[in-house]
Structure formats: structure tokens, C-alpha cells
Amino acid sequence: MRSFSLALAAGLMLAGAAVQAEEATPPVRNCFSITDWHGWRASGTDKDVLYIKVRMHDVYKVTLTDAEPFLNAPDVHLVSKTWGPDTVCNPHDLDLKLADWHGVATPLIVKDLKKLTPEEIAALPPGDKP
């Protein structure tokens, strides 16, 4: 009986250690550097969504808090400002403004940032691909 109790105690300790190791594993963060950003395109259907191309094959979906009717205007560009490290890992790391050639800039507040899977990128309408 004593052997059984020792074996049970050892098994519980190992199970507890495995759970702690699992909990200690940090979640995967999909970060990128602003310098790896190579273009953007506003969604043709959603006025609060834009897509940014990162590196060669990655695309991130940026969802804004409000619809911006001028995202698809022909004479606008995005301005991104960094306040320290140039790494983007979450929506708060993006400080975006939509600017025209006359210097008028509208702040864009990012609500969500999501790295798209290859399947999601392939499913984008051709006009939405950055």
C-alpha cells in the first residue's frame, strides 16, 4: 500500500510539473518591424479595414475603431509614427494617420491587428491585396 501511495504522489507531482511547463510557455506573438512593411491597401467593402503587406508573403488585417470614408481616395497615404522600438505586436503599437498631399492628417485608431493565414490571403478579393 505504501508503494502505491508513493507512486501516486510521484505521478501527481509529474502531472503538476507538466501543467506548469505548459502554462509557462508564452503565446506565439506575430510581431513585425515597421521597416518590413511594404505597402498597404484599403478594403473595397469594409470602410474600417486595411491590409498591410509585411516582408515578402505576410499580410496583416488592420481593423479601425471607426469607418474612414477616405481610405480609398486616390490622393491619400498612411503615416506611421513610432515611439520607441519599431516592433509592431498589437494594435496599440500602430500610430497611424491618413494624410493627403495638402498636409491634412486624420488619426486612425486601430482596434484589431491580425496576421492572415495563407488561405485567408488567397481568399481576399484581388482589389484588397496589398
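The table below lists the values:
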| item | result |
| --- | --- |
| Test: residue in segment 103-110 that is more than 15 Å from Lys47 (Cβ to Cβ) and of a type outside the set (A, V, I, L, M, F, W, C) | yes |
| Members of segment 88-123 found to be in contact with a Ser or Thr (Cβ under 9 Å, 6 or more places away or on another chain), under 23 Å from Cys31 (Cβ atoms) and among the aliphatic types (A, V, I, L, M), listed by number | Val88, Leu94, Leu96, Leu108, Ile109, Val110, Leu113 |
| Index of the failed condition, Asp93 passing every other in (1) over 15 Å from Tyr51 (Cα atoms); (2) in contact with a Lys or Arg (Cβ under 6 Å, 6 or more places away or on another chain) | (2) |
| Criterion (in contact with a helix residue (DSSP H, G or I) (Cβ under 9 Å, 6 or more places away or on another chain), of a type in the set (Asp, Glu), surrounded by fewer than 16 Cβ atoms within 10 Å (Cβ to Cβ) and modelled with pLDDT under 90) met by exactly one of Asp112, Asp86 | Asp86 |
| Residue count, segment 50-81 (criterion: within 17 Å of Leu124 (Cα to Cα) and buried (at least 19 other Cβ atoms within 10 Å of the Cβ)) | 8 |
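The values are calculated or read from the model by the stated rules, or taken from the named source; none is laboratory data. Given the structure is predicted, the values throughout are model-derived calculations rather than measurements. Quick reminder, even Gly has a Cβ in these numbers, built from the backbone with ideal geometry, and neighbours come from all protein chains shown.
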